Amino acid sequence: MVNDHRKLPRRRGEALSAAIYQATLDELAEVGYAGLTMERVAERAKAGKASLYRRWPTRIELVMEAVYQSLPTPESAPDTGNLRDDLVAMLTLTARALSGPAGEAMRGLLGEALRGESPLGTLRRNSQGTARKLMEEVVRRAVERGEIDPERVTPRRLDAGHALLRHNFLFEGPPIADGLVVEIVDEVLMPLLKPGSG
């Protein structure tokens, strides 16, 4: 006999959210963005559909939040003691994330937006700027160590590494080679942030 989740003890708050995020990531990995439905996520998380729709009115909002919850936080940014190794470690984490459910979600969300099936404004509103925040933390530590001049830190320079990774991912597909990460750091980021380092 199958357990009816509605008769199980109710989870609330963080426990319920964690179960829903995990169910969303598992669905992305198993059926891809195109096959993901709110109903399947609710069933996998053993939650009511109404609880999903109350918090996430659309599939886009649910998927984006679940993916962001799975990504490294600025507080967990690699700290190896030098800028180059921090950048390689951080972009390697991003490359690995793009090879999993986060990448599947990105491809699906962008595909939907380009076909006009979902507004780009929804993507922008739900974007949390995680990549920029990670870069800001890595660069902040490098500035504190005296490795780089704070004048060299600009928004475009902070975005360059992740933009190149995303470009490669979208046009070449996963997995992203470790060698590409090293090339982006050595040929682009280090010269931008620390001239004469190459």
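Any residue at all in segment 122-137 that is at pLDDT 95 or above, of a type in the set (Lys, Arg) and surrounded by fewer than 18 Cβ atoms within 10 Å (Cβ to Cβ)? Break it down stepwise before answering.
Our first condition is that a residue be at pLDDT 95 or above; within segment 122-137, this holds for 135-137.
Next cut, of a type in the set (Lys, Arg) only: none.
The answer is no; no qualifying residue exists.
With Leu158, Leu164, Leu98 as the choices, which residue is open to solvent by less than 20 Å² (accessible area, probe 1.4 Å) and without any contact (Cβ under 8 Å) to a residue 40 or more places away in the chain? Let's see the steps before the verdict.
Details: Leu164 fails: open to solvent by less than 20 Å² (accessible area, probe 1.4 Å); Leu98 fails: without any contact (Cβ under 8 Å) to a residue 40 or more places away in the chain.
Just one listed residue meets the conditions, Leu158.
Filter segment 141-155 down to the residues that are among the β-branched types (Val, Ile, Thr) and surrounded by 14 or more Cβ atoms within 10 Å (Cβ to Cβ) and list them by number.
Selection gives Val143, Ile148, Val153.
Would you mind telling me which numbered condition in (1) open to solvent by 30 Å² or more (accessible area, probe 1.4 Å); (2) modelled with pLDDT under 95; (3) of a type in the set (Gly, Ala, Ser); (4) over 18 Å from the mean Cα position of the chain (by Cα) Ser118 fails?
(1)
I'm trying to understand the selection: among the residues of segment 35-58, which are closer than 15 Å to Arg107 by Cα and modelled with pLDDT under 90? Reasoning before the result, please.
Here is the first cut: in segment 35-58, the residues closer than 15 Å to Arg107 by Cα are 35-36.
Of everything in segment 35-58, nothing turns out to be closer than 15 Å to Arg107 by Cα and modelled with pLDDT under 90.
Does Leu87 satisfy being of a type in the set (A, V, I, L, M), closer than 19 Å to Gly32 by Cβ, crowded, with 17+ Cβ neighbours inside 10 Å and over 11 Å from the mean Cα position of the chain (by Cα)? Steps first, answer last, please.
Numbers: of a type in the set (A, V, I, L, M): yes; closer than 19 Å to Gly32 by Cβ: no; crowded, with 17+ Cβ neighbours inside 10 Å: yes; over 11 Å from the mean Cα position of the chain (by Cα): yes.
It is false that Leu87 is of a type in the set (A, V, I, L, M), closer than 19 Å to Gly32 by Cβ, crowded, with 17+ Cβ neighbours inside 10 Å and over 11 Å from the mean Cα position of the chain (by Cα).
Among the residues of segment 167-190, what is the count of those that are loosely packed, with under 14 Cβ neighbours inside 10 Å and over 21 Å from Ser99 (Cβ atoms)?
Result for segment 167-190: 1.
So how many residues does segment 161-176 have that are within 15 Å of Leu87 (Cα to Cα) and of a type in the set (A, V, I, L, M, F, W, C)? Lay out the reasoning, then the answer.
Of the residues in segment 161-176, the ones within 15 Å of Leu87 (Cα to Cα) are 161-165.
Keeping just the survivors that are of a type in the set (A, V, I, L, M, F, W, C) gives 163-165.
Residues that pass the stated criteria total 3.
The values are calculated or read from the model by the stated rules, or taken from the named source; none is laboratory data. Just so you know, these numbers come straight off a predicted model, no measurement behind them. Reconstructed Cβ throughout: ideal geometry from the backbone, glycine too, with neighbour counts over all protein chains shown. Ligands, DNA and RNA are excluded from the accessible area calculation, which covers all protein heavy atoms including side chains. Shrake-Rupley method; radii C 1.70, N 1.55, O 1.52, S 1.80 Å.
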